[in-house]
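Student: Can you read through this structure? Questions will come right after.
What follows draws every value from the coordinates through simple rules; no lab data is involved. Because the structure is a prediction, the values reported are computed rather than measured. Note: ideal-geometry Cβ built from the backbone for every residue, glycine included; neighbour counts use all protein chains shown.
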Amino acid sequence: MRIDVVTIFPGYLAPLREALLGRAVGTGLLDIAVHDLRDWTHDVHQAVDDAPYGGGPGMVMRPHVWGEALDDVLAADPRPARLVVPTPAGRPFTQAAAHAYAAQERLVFACGRYEGIDQRVVDHYAASMPVDEISIGDYVLVGGEVAVLVVVEAVARLLPGVLGNPRSAAEDSFSDGLLEGPAYTRPEVWRGHAVPEVLRSGNHGAIARWRRDRALERTAERRPDLIAALPPDALDEADRAL
Ligand SMILES: Nc1nc2cc(Br)ccc2s1
């Protein structure tokens, strides 16, 4: 997979070269290119924003700079690409979306700042390619760069060969529609807190049941919306007895 990121703060994307993602790049599983939007400005001030039509606070990112940048970035690789624009006004980015993105050959991220990117940029490219305006949560950041770090990590870890143990991704939170339950490791007792006995029993059926029960309890308490969204056949009789 190739990932391109266009931003006015390339340094914000430095973490993509670290640890798990850095190894994925090093082994060729992932190809990441970060581009400075200001490279496509032509004025001495390298202006990328201007006042909003209709008035209002803040500034809006100029369409012609983005158009020149995205034209060049998209032309740099023949693989079909999906343009992803993080914005607080976007559709929620979910684990299901991460799986869908992991199947893409190429993702191009446009990092907005200020009050966002002139809407005509999204409208223009949406006429010729898939474009997603996505949100990583109901809060407002200062720019899209941090959202790109979140999305790229959620997607890259799903690529075959990136995680040491592929079962980790298969048994993620949300993989079965539920939150993951609690996890424990040695010692058996820590500051008077003991590991639940069932986890030390060696009874794999009882352990699986216990883990499912804890996941259901945690999900019902913290994310009842996920319980409501489960397909009718998702809960078995033992689940319902909880
Ligand atoms: N939650 C999010 N906040 C922001 C702010 C800007 Br400015 C650009 C993208 C995003 S995604």
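Student: Kindly give Rg over Rh for the chain, based on alpha-carbon atoms, with the Kirkwood expression for the hydrodynamic radius.
Tutor: That ratio is 1.07, to two decimals.
Student: Hey, another quick one. For the chain, with a Gaussian network of springs between Cα atoms less than 10 Å apart, report the residue from L16, L199, L216 with the top mean-square fluctuation.
Tutor: With Cα springs under 10 Å in the chain, the top fluctuation among L16, L199, L216 is at L199.
Student: Taking 7 Å along the Cα-to-C-beta vector as the label spot, tell me the T27-L163 distance in nanometres, rounded to one decimal.
Tutor: According to this spin-label approximation, the distance is 1.4 nm.
Student: Sticking with this one: Taking amide H positions as placed 1.01 Å from N in the peptide plane, with prolines and chain starts having none, which residues 5 or more places from D49, or on another chain, fall under 5 Å of its amide H?
Tutor: R62
Student: Let me ask something additional. In what sequence do T185, T41 fall when counting other Cβ within 10 Å, fewest first?
Tutor: Ordered from fewest to most neighbouring Cβ atoms within 10 Å, T185, T41 come out as T185, T41.
Student: Just add up the charged neighbours of A98: K/R +1, D/E -1, any other residue whose Cβ is under 14 Å from the Cβ of A98. Mind showing how you got there, number by number?
Tutor: Details: positive: R82, R91, R157; negative: D132, E153, D172.
Value of the local net charge: 0.
Student: Quick one: net charge of E217's neighbours, Cβ under 14 Å, K/R +1, D/E -1? List each step's numbers first, then the result.
Tutor: On the way: positive: R209, R211, R212, R214, R218, R222, R223, R240; negative: E180, D213, E221, D239.
Net charge in that neighbourhood comes out at +4.
Student: To continue, here is another question. For helix 145-156, report the angle its Cα long axis makes with the longest principal axis of the Cα atoms of the chain; keep it between 0 and 90° and round to the nearest 10°.
Tutor: Roughly 50 degrees, rounded to the nearest 10.
Student: While we're looking at this one, here's another question. Please give the helix 63-75 orientation as an angle from the longest Cα principal axis of the chain, in degrees from 0 to 90, rounded to the nearest 10.
Tutor: The answer is roughly 70 degrees.
Student: Same structure, new question: Taking the chain as a Gaussian network, where each spring joins two C-alpha atoms under 10 Å apart, which residue of R91, R38, R186 fluctuates the most?
Tutor: R186
Student: Name the residue, out of G192, G116, G164, whose mean-square fluctuation peaks in a Gaussian network model built on the chain with Cα pairs under 10 Å.
Tutor: Most flexible of the set in this elastic network: G192.
Student: Moving on. Output the 0 to 90 degree angle, nearest 10, between the alpha-carbon long axis of helix 204-222 and the longest principal axis computed from the alpha carbons of the chain.
Tutor: 50
Student: Can you pull out the GluC sites (Glu not before Pro) in the range 146-232 whose DSSP state is coil and whose Cβ has at most 15 other Cβ atoms within 10 Å?
Tutor: E171, E188
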